[in-house]
Every structure is written in C-alpha cells, then in structure tokens.
Amino acid sequence: MSINITSFFQKHDLIKKLLLFLVTIYLFPKNIWKSPGIGLDPSWELSLNLALKHHLVWGKDIVFTYGPLGYLSTFIPVYASSFLIGLYTLFVTFMAVFFLRYVYNAASQKNELIFITVFLFFHGHFLFLRDSVSLYFYTLFFLLHYLRHQKQFSLVIALLCCIVAFFMKVNTGIILLFIFFAFILYGYLRSMLSLKAVLIFLFSFISIVFTLSQLLNVDLIGYVANSLPIIDAYNDAMGTFPGKILLFYAAVIILLTIVPFIVNVKKLISSGNEIFLFLNVSLLLYVVWKQSFVRYDGDLHTNLFFICSPFIILSTLLFSNVSEVKNYLYTVFFVSCMISLAAFSGPHLKYIKGNVQIINLFRKPPPTTNPSPDSLKIAAQKKGRWLPDRMLREIGNKSVDLLGYETSFIYYNNLKYNPRPIIQSYSAYTPELIRLNTAKYSSETAPDYVLYHIGTLDERHPFWDESPIYQALFERYAIIDTFTTKKMGIHAFHHHKKERNQIFLFKKQQAPKKAVKHIILDTLIQLDGNINIPKTNQILYMEMDYEHSLLGKAVRMLFQPAHVSMELHYADGDSTECRLILPVMKAGVPINKKVLKPRDAYSFFQTKGFENTSATSFSIHGNPLFIKNSFRIRFIELNIPD
C-alpha cells in the first residue's frame, strides 16, 4: 500500500469511484429493520424494547450489557424508533464509505485494487454490521486518521461513535471512552490539540452524555457500576470451547500482526504515534479475540474475528509510518484474508445472495413500532408463545416478570413487564447480580405475578441459575397455575431436550413468610473426592469457593477459564453431570433435591422439596493445573414456615 496514487489510477479515477459505488450498494444492509423472534437471544432483544415501553431506568430497573440504544444493533423498532435505526444505518454507511474511499485511494497497483474488491465481495459486510465492534473499529480508524491528517471532523466522528457505543453496549462504550480521552490527552501533550480544543471535547462529551442519560432514562452511576460484574464474570459463565483449528487460525493472525511491531520496537519507541497505533491495534485484536472465542456459539462469534481482523490489519497498514512494518504487514494482510476466507464457517453464498437482493430495500417496510393486541395474539399463536386465556384473565393489567430466559412470553401476550434487573436467569451469574434480582422480589416494587420455566444453557444445571431467588418465591409467592408449552424445550441436559417445558404462574401473597437460614457444615474438600450431602428434610443450599490457580487466572484473562464439572448422585440411583459456574456456586445452589425436569420443579415449589428425590453425594472434577485442588464449601439449611 502507498498513499501516493500512480499515474494509472490518476487516469482511471472513474474506475475507483465506480467500484466504490458498486461495493457500497452491494454491501449496504438490505434488511434495515428486523421483526421480533423467539428463543434465548431474541428474548433479551425483546426485553430491551419492553424496557423502553415501560420506561424502566437503565442501571437500576434493568442491568444488562446492552443499554437504551441497544435496539440500534438488534434492528427491532418495536416500542422504539424505526427512524433512529435508519439514521444509525446511514451513519454507519457514511463511515464505511469513508473507509472504503480511503482504502481505494491508497491502492497504488491494479492487483491491490482487484484483491481488495474481491475480499470485500466476501467479507465486506463487516463494515456495515452496525454493532459495538464496528463502532470500536471506526473509532480507532478515525483517531488514526486524525493522527495522519489533523482533521477535526475525525475526532468528532470518533466521539460520536464512543457516545453511541456507550448507550448501546456499555462495556464497549467504557473502553472506547477511555481510548478517546487517552488520545485527547496524548494529542494535547504532543501539541496536536490546544487546551481550548481539549476543553471543548470534554464539555461536549459531558453535555451530550448527561442530556442523553436524561432523555433515555439512564442512571449513569448504576449503569456503569452494575455492568462491571457482568463484564468481569462473562468469561466464567458464558465460555464454551471453539474448535482447535479455529484457535490455530486466530493465533496465526494475532502473532503475524504483532511480530513486526516487536521486531521494530526501537523505531516504535522513537515515535509516539507508532506506539499509539501498536497499543490500540493490539487492544482491539484482544477485545475481538475475547468476544469471538470466549463463547463458541455455533461459529456465530468466531466468525466475527475472522471477518474483522483483516480490516484491523489493513488500518494498521494504512497508518503506520515505519517502512519495515508496512512492508511486512502487506504480506500479513494478504495471509489474514486467505485465512479469513478459509476459517469463516458461515455460508458465503448466504451473504452474497443477501447482498445482491437490492429489491429488499423497497420490499420490506419497518415493523410497526406499536403492535396491536390482536396482531400480538396472532403472532403468539404462530410462534408458540401464547398463554391460556385463564392465565391472561388472572394476570389482567397487573405487573409480571418471567423467571428463566424466554421473556418473549411477556411481549407476545402483551403483559405489563416488571422485571428483575438482570432480565434472564442465565445472565445473573455473580453473587452481586443475584442479590440485585433477589432484592427486587423482596421489595415493594416486586411484580404481582411471576412466570417461571426451568432451563438453562451450556450444560449447566437447569435449576441452579440465580437459585437464591427461590427463597423470595417461597416467602412472597405461591404457584396458582401451570401450562405445558408445545414449542419450547428445556434447553438443558441432552436427554431432556425433547421434553416439553412448562410455564408456572406464581402470584404474590398478601402475607409474606420469613425463611430462616443457618449453616450446618463448613468444611474443605478436594477435587475428585466423593462428598456426602448432609441429610435433612429441609432445602439445603451449598456455597462453594473454588479458585483458579495462578496459571488458571492467566488462561482466564487471555482466553477463558478452565471448565469445572460436578457429578451429582441421587437416592434413586440416577446421576447427572453438569458444568459449574464459579460465581454462581459462590452465591449458593440447592444441592440436596433432584430438580431436572418441569415436574421436579413443580414438586420443589409446591412441597418445599419434601416430595423430591434426595441428592446423596457429589464429586467435583477439574484440571488441578488451572483449579486449586482444595476449596471451601458451606451447607446452609433453609427453613421455610408453612
């Protein structure tokens, strides 16, 4: 790559403009808006829109990684703004066109132009993703653009990306704001920015964020503080292992990218701009690596790394001023593109077919922002998310929450949503988050009704997600109805996945009870040892404090934590094995009752576990290289009055 355009392209500038136009039309999203769905991910997407409908306070009433502008990345305009989704799409398109124009102008040879165009044909849709990662990419690009060209509008665009990201997905927004203001400070110290300019950007940021927080109903302190446990423990709770070949491909790209900087470290030290470039490229690669490889979800996440990394390398190539680094990165960019095309497990033809269907832009109007009760009822029937009329009559206009993950039941049955702060049980994966949810059910603002279904993900125990909240259910609620669904599995152990799930309806009682807890055993145990569970007629919770070794902590930071499992034995001779989530185990789980299916859960709540099969013993399994061999457990008896 070279910024100087050759005479060939000076004479054929029209070719570049034509290619830019065609590539933009080809890559522009053909489906700007999306209709609501059902399932685990569509349910949290709908919860974001329901939070807008019911004017919930972000950071207080609802605590999640996505914020009030999260719907811009899910593209669902229900109870939101289809206009803002369209406007945001145009904003991303502007940045994508600017980037493409910059790349095409930098191409100095015919084969470079052809190669880049072919690669864009397959993976250029990354530039139009409209998610927080693309905002991260464009923030870095425009900051680097300012370093090279000293154009103030580059900083304005970068700041806008940071602010949108902050209210879209708070974890990415925090990183971007740190990078932006570190850059502002760096620019001031290097005399690229005056003190006046620094103060203007700072004042603009504070004014815009404060104003938007008022308009979007955001408790800024809670929004940031309560999101930190979610960010920190995501590794522990959501990690699943990808294929080894994908890990190898990604490692090759990362190593090839950082090698030229390490080899030329002396030259980098002499240039502050090159250090900034190296640190930020490394950080972006790390963030994309973690987002892609912490959770292997049918290649959905890993594909992000392979379509994003070549563009990160390309940006580095465009803005590095060290000739040795540029020459090396030219080859790395080519190799990364080849690896990306080989590793991308999604159907290339699917994206190509979708990109060429330009007519979809005019064929599909945006979904209605305020669906009618009749249309919701029809959709509920079609999607299998309807509730029987007797339940709907019972609930009426009272407030309701769903304990589980399928919050789409709330939307499709047009119920008054009054959720726990962490909207899906599998996401309440730290003691702090579980306490927030439990406090909600124990407070004056607790929902009048609770819909419950058993189930989880990733081979966890299906009854242990945020299980301390069951105490609040025993104290303040009672089951009054059940309903067997037809199109919803348990989403847990393999041999139970085909069994139909059930929805339980809990109603808040006028006279709450007060359960009493006391520790009956506090002891140390070892990995792989068989542990007998104390016998009691009451529900017995177990808290466990296993810890990662020093090597385990390093692996957790760089990749994901080592998995730990439990083999649980029952009095009926049955046994199950489930994956353990460290922070969930610290909060405590009901250990002495067999609850694996809907009928087990019904018995647990109706009889306080008296009619459930007892669990007799368990053993913990993990790699002692990554998990400390000895750890503490506590058995806590929960006495619930009649």
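Remarks
- Within the chain, helix-based [θ] at 222 nm, where runs of 4 or more DSSP H residues each add -39,500 (n - 2.57), nearest 500: -16500 deg cm²/dmol
- The trypsin sites (Lys or Arg not before Pro) of segment 190-275 that DSSP puts in a loop, and whose beta carbon has at most 14 other beta carbons within 10 Å, are Arg190.
- Val118-Val252 FRET efficiency (beta carbon distance; Förster radius 22 Å; 0.05 resolution): 0.55
- Binned Cα-Cα distances of segment 138-281, short to long, each 10 Å bin given as a whole percent: 10, 30, 31, 22, 7, 0
- Residue-normalised accessible area of segment 382-469, given per residue in Å² at a 1.4 Å probe: 29
- Stretching the chain fully between Ser323 and Val156 yields a gain of 57.2 nm (0.36 nm per residue, less the alpha carbon separation).
- Solvent-accessible surface ranking, highest first, for Arg500, Arg632 at 1.4 angstrom: Arg500, Arg632
- Rolling a 1.4 Å probe across the protein heavy atoms gives segment 212-292 an accessible surface of 47 Å² per residue.
- Crossing angle, helix 227-238 versus the chain [Cα axis fit, 0-90 degrees, rounded to tens]: 80
- Across the options Ile262, Tyr441, Ser35, the greatest Cα extent toward the positive end of the charge dipole of the chain (unit charges at beta carbon of Lys, Arg, Asp, Glu) belongs to Ser35.
- Toward the positive end of the charge dipole of the chain, with +1 on the Cβ of Lys and Arg and -1 on the Cβ of Asp and Glu, the farthest Cα among His461, His569, Val63 is that of Val63.
- Over segment 388-446, the alpha carbon radius of gyration divided by the compact-protein estimate 2.2 N^0.38 Å works out to 1.19.
- Surface composition of the chain: carbon and sulfur make up 62 percent of the accessible area, probe 1.4 Å.
- For segment 267-294, backbone nitrogen atoms closer than 17 Å to the point 7 Å from Leu185 Cα along Cα-to-C-beta are found at 272-273, 275-277, 279-280.
- Packing rank of 154-161, 385-392, where each peptide gets the mean count of other beta carbons within 10 Å, highest leading: 154-161, 385-392
- Applying 1/(1 + (r/R0)^6) with R0 = 22 Å to the Cβ-Cβ distance of Asp574 and Gln526 gives a FRET efficiency near 0.35.
- Projecting the Cα atoms of Ile245, Leu160, Phe626 onto the charge dipole of the chain, computed from C-beta unit charges around the Cα centre, puts Leu160 farthest toward the positive end.
- Gyration tensor (Cα) of segment 1-143, equivalent ellipsoid semi-axes in angstrom: 38, 14, 12
- Using θ = phi - 60° and Karplus 6.51 cos²θ - 1.76 cosθ + 1.60, couplings along segment 419-435 (whole Hz; Gly, Pro as x): x, 5, x, 8, 6, 10, 4, 5, 8, 8, 10, 9, x, 5, 5, 5, 4
- The chain: angle of helix 244-263 to the longest principal axis, Cα-based, in degrees nearest 10: 40
- Interchain or long-range residues, amide H under 5 Å from Asp481's placed H: Leu505
- Subtracting the Cα-Cα distance of Lys486 and Lys513 from 0.36 nm times their residue separation leaves 6.3 nm of extension gain.
- Each Lys and Arg Cβ is given +1 and each Asp and Glu Cβ -1; about its Cα centre, the chain then shows a dipole of about 1540 debye.
- Calculated Rg/Rh (Cα atoms, Kirkwood Rh) (choose from [x] 1.02; [y] 1.28; [z] 1.00), label: [z]
- At R0 = 41 Å, FRET efficiency that the Cβ-Cβ distance of Ala225 and Phe21 yields, to 0.05: 0.30
- Rounded to 10°, Cα long-axis angle of helix 323-343 versus longest principal axis of the chain: 50
- Of the cross-linked pairs Lys535/Lys586; Lys508/Lys608; Lys169/Lys244; Lys593/Lys628; Lys53/Lys382, those separated by over 19 Å at the C-alpha level are Lys535/Lys586; Lys169/Lys244; Lys593/Lys628; Lys53/Lys382.
- Over all projection directions, the Cα-based convex hull of segment 522-561 averages an area of 4.2 nm².
- Cα-Cα P(r), segment 70-156, percent of pairs per 10 Å interval: 16, 40, 32, 11, 2
- For segment 543-642, the alpha-carbon coordinates run over 47, 28, 22 Å along the three principal axes, in decreasing order.
- Pairs of Cα atoms nearer than 8 Å and 6+ residues apart set the relative contact order; for the chain it is 14 percent.
- Extending 7 Å from Cα along the Cβ direction at Val265 and again at Asp545 yields two label points whose distance is 3.9 nm.
- ³J(HN,Hα), Karplus 6.51/-1.76/1.60, whole Hz, each residue of segment 64-73, x for Gly, Pro: 7, 5, 8, x, x, 9, x, 5, 5, 9
- Shape call, segment 208-320: gyration tensor on alpha carbons, a/c limit 1.5: oblate
The values are calculated or read from the model by the stated rules, or taken from the named source; none is laboratory data. In this text, all values refer to a predicted model and were calculated from it rather than measured experimentally. Here Cβ is always computed from backbone atoms with ideal geometry, including for glycine, and neighbour counts include all displayed protein chains. For accessibility, only protein heavy atoms count, side chains too; no ligands or nucleic acids. Shrake-Rupley method; radii C 1.70, N 1.55, O 1.52, S 1.80 Å.
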